[in-house]
Amino acid sequence: MDMDTDETAKGEEKQGKSVVVILVGAPGSGKSTFCEHVMRSSSARPWVRVCQDTIKNGKAGTKAQCIESAMNALKDGKSVFIDRCNLEKEQRDEFVKLGGSTQVEVHAVVLDLPAKLCISRSVKRTGHEGNLQGGRAAAVVNRMLQKKELPKLSEGFARITCCQSESDVQSAVDAYSGLGPLDTLPSGYFGQKNTGAKVQLGIMRFLKKTDGPANTESTSKSVLDSNASRITEEKETSSKGTGSLSENSRKESREGEELFVGSIGGDVSVNNSPTLAFPSISTADFQFDIEKASDIIVEKVIEFFNKLGNARLVLADLSHKSKILSLVRAKASEKNIDSNKFFTFVGDITRLHSGGGLHCNVIANAANWRLKPGGGGVNAAIFSAGGPSLEVATKEQAQSLYPGSAVVVPLPSTSPLFSREGVTHVIHVVGPNMNPHRPNCLNNDYSKGCKVLREAYTSLFEGFATIVRTQAKSPKGSIENLQAKLPESQEHSDGASRNHFTNSDQKTKREDPHKYERSKRSKAYQNDTEDSNTGKPNLSNQSGGSRTKSWGSWAQALYNTAMHPEKHKDAVLEISDDVVVLNDLFPKAKRHVLVVARCEGLDRLSDVHKEHLPLLRTMHEVGLKWVEKFLHDDSSLVFRLGYHSDPSMRQLHLHVISQDFDSTHLKNKKHWNSFNTAFFRDSVDVVEEVSSDGKAKLKDDGSLLSMELRCHRCRSAHPNIPRLKSHITNCRATFPSTLLQNGRLVHAPSNVSIGP
């Protein structure tokens, strides 16, 4: 029986409540690991683990011995983990009775992980305390899961946390690790709310089905830990414990540390004030200095207070160790900012309502300039939680964003964020980048960086103010009217994000805007299309190009080179009246060149019509000429010529790429799938389609880029890029028949390895 004997609470005049945490889960769900992690991380509260497998001097004992051991620990003022399966109500009843005293709370942590995972762990493990391992473990787990009864508050629990993923489990670990001797967690059910839902399938049935249980969406990762996380933070910055959360939730800390709304309990859910929850912009992946960032946040909050009426601003962060929250809290207190209108919160920004009762009708996303999912962090989480409808709605508003700007996106009612969390709008905002491994790095130029960050928060809060004003004019509770009216209050310009907020942009036009250091790709080609008045790259596409897509500054590089090749002689391989040829700066194969059209108004393949057919044929012929040159140097190479359905760079360009894909720049699934799915349109097919139909067929479904990784020759699936690269280096299978037709592959006559 493990015991944490760190008596950090001694000397306290008050004594907080002890907690009995009854772990509920099948063998292999991670109950013992959960206990170990909490006991190792907790420095302020003594814990005892009671495990029936080891209760009798390291050997298996009885339930009665477990109860006796738990009672002794509680008498000593310790908190207790009951490390048993406890999958049935009858098995839990005696332990729930340990909470008979007013000084003891009984919690349940349900590790409701997939049956397949539990069985896999149980079968593979060795040296298990109860010797449940190997082949017989599968049958035991299966049998237990068939009888599983999820706990209910009516059984006598003060709090139940249901974890259905490993991230949920980690959130629960953080919550209990952060408990100090006087601290408590809010009561209630966190996670799977439907306790009557069907239990997980046993492994025997599981293997017969391709789909898992219907109700597996977890909500417990959200704010179930916001209070525990807050507790840990406040202990780091305060010399005193917080006491009972329910008693102190409305009291302003003398140390200047505002309590999180998550501690208020049910009161937050009835507050109908418009609320914006936003993350700290640029301080995570973009590595902006948090001291400077905290100053700017507080400065901008003060600036916008009078414009927001009764609306609230909430700075949210997932980590209970967040330094930015501590800094902002302290500085907000120094400025005497009303803590009812601005406060900080620890939790998942996508689950604030379902997990902690904090209703935020607007959330902000620290987006990337392309407004695309991925990249990890807040951006990935919000796009994932918002579902496909958020992606579609975002594209309708803008295609890209400058650093320092924001765009308001009304959420369709089909989005899970709308239906589950009550979020009506997402505001995407892009801040300055100080990370040299990301595009547009400012190289520690904090003069520019602070200016851009101020503009970012200005754009964000102006967007929220627009929503608040519109909401005030709409009938109470009329979310549909709010969403319908909002776009009219925004200034649109062909979907260009730069015109979404009038005041901010007029200010930008008056001042010299920031000329960012470009990514490696755009450093090779200077931006030649800056507006003569503002100095900003001209994204208006007035040349007649694509009217439905805006292009970021570095995405203009190919256009600039095509229009002014004389300025880029070092980069250009060939210049003619119709095209320029240059190496791809991040080649995805041994040989990878771009044939770029020099025709104004051809931003991408969707702009091509029948009158451009001669140009397409010219581009194809130029590509073939370069293939011939490459094959003369290495006859073993095989080439494809084609276009991306939805390119990331402005100006129509043809990829001429060898099929070895031997390149250090090929790093992720998107890179691979952009050349090896229907997203890549073969040049010969494009020419035929434009000739017969007047336009090319586009395969620009974003899901193509996230498809599983498959070898382009044998079509075998691989889990990651390194494994795929290792395979294709040795794969000698013939290419698929579709590529062997119509001249889609180009190779030397002597190369017989490509097909039959």
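The values are calculated or read from the model by the stated rules, or taken from the named source; none is laboratory data. Because the structure is predicted, anything quoted here is derived from the model rather than measured. For neighbour counting, all protein chains shown are included, and Cβ atoms are generated from backbone atoms with ideal geometry for every residue, glycine included. Side chains included, ligands, DNA and RNA excluded: accessible areas come from the protein's heavy atoms. Shrake-Rupley method; radii C 1.70, N 1.55, O 1.52, S 1.80 Å.
Structural remarks
- Filter result for the condition that a residue is in contact with a Pro (Cβ under 9 Å, 6 or more places away or on another chain) and closer than 21 Å to Pro27 by Cβ, over Val110, Val80: Val110
- Checking Gly100 against (1) over 17 Å from Cys162 (Cβ atoms); (2) open to solvent by 20 Å² or more (accessible area, probe 1.4 Å); (3) touching a residue at least 12 places away in the same chain (Cβ under 8 Å); (4) over 31 Å from the mean Cα position of the chain (by Cα), the condition it does not meet: (3)
Residues checked against (1) buried (at least 16 other Cβ atoms within 10 Å of the Cβ); (2) farther than 17 Å from His671 by Cα:
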| site | (1), (2) |
| --- | --- |
| Asp584 | yes, no |
| Arg604 | yes, yes |
| Val608 | yes, yes |
| Glu611 | no, yes |
| His632 | no, yes |
| Gly642 | yes, no |
| Pro647 | yes, no |
| Arg650 | yes, yes |
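- Counted residues, the stretch 328-338 - those being over 13 Å from Glu299 (Cβ atoms) and in contact (Cβ under 8 Å) with a residue 12 or more places away in the chain: 4
- Restricting attention to the stretch 717-734 and to residues that are touching a residue at least 40 places away in the same chain (Cβ under 8 Å) and over 30 Å from the mean Cα position of the chain (by Cα), the residue that is nearest to Glu688 (Cα to Cα) turns out to be Ile728.
- So Lys147, is it out of contact with any helix residue (DSSP H, G or I) (no Cβ under 8 Å at 6 or more places or on another chain), under 13 Å from Val24 (Cβ atoms), modelled with pLDDT under 90 and open to solvent by 50 Å² or more (accessible area, probe 1.4 Å): yes
- Lone qualifier among Ser447, Ser459, Ser419, Ser415 - being assigned by the TED database to the domain that holds His359, open to solvent by less than 10 Å² (accessible area, probe 1.4 Å) and more than 21 Å from Leu315 (Cα to Cα): Ser415
- Residue in the stretch 70-78 that is in contact with a helix residue (DSSP H, G or I) (Cβ under 8 Å, 6 or more places away or on another chain), open to solvent by less than 10 Å² (accessible area, probe 1.4 Å) and under 28 Å from Gln146 (Cα atoms) present: no
- Screening Gly387 against (1) part of a loop (DSSP other than H, G, I, E, B); (2) open to solvent by less than 40 Å² (accessible area, probe 1.4 Å) leaves a single unmet condition, (1).
- Pair list, Cβ under 6 Å, 6 or more apart: the stretch 688-702 residue without any contact (Cβ under 8 Å) to a residue 60 or more places away in the chain, other residue open to solvent by 40 Å² or more (accessible area, probe 1.4 Å): Glu689/Lys697; Lys699/Ala678
- Residue selected from the stretch 283-313 under the condition more than 30 Å from His437 (Cβ to Cβ) and aliphatic (A, V, I, L, M), by the criterion surrounded by the fewest Cβ atoms within 10 Å (Cβ to Cβ): Ile302
- Subset of the stretch 586-632 [among the charged types (D, E, K, R), within 13 Å of Val686 (Cβ to Cβ) and in a loop (DSSP other than H, G, I, E, B)]: Arg604
- Qualifying positions in the stretch 405-449 - part of a loop (DSSP other than H, G, I, E, B) and within 26 Å of Leu352 (Cα to Cα): Ser405, Leu411, Pro412, Ser413, Thr414, Ser415, Gly422, Val423, Thr424, Val430, Gly431
- Total residues in the stretch 393-435 satisfying the condition of being in contact with a strand residue (DSSP E or B) (Cβ under 6 Å, 6 or more places away or on another chain) and at positive phi: the figure is 0.
- Considering residues of the stretch 365-384 that are open to solvent by less than 20 Å² (accessible area, probe 1.4 Å) and within 19 Å of Phe288 (Cβ to Cβ) only, the residue modelled with the highest pLDDT: Asn365
- Test result for Thr738, β-branched (Val, Ile, Thr) and loosely packed, with under 13 Cβ neighbours inside 10 Å: yes
- Residue match in the stretch 330-347 (condition: under 18 Å from the mean Cα position of the chain (by Cα) and closer than 26 Å to Asn668 by Cβ): no
- Here Arg598 meets each of (1) buried (at least 17 other Cβ atoms within 10 Å of the Cβ); (2) closer than 30 Å to Cys731 by Cα; (3) in contact with a Pro (Cβ under 9 Å, 6 or more places away or on another chain) with one exception, condition (2).
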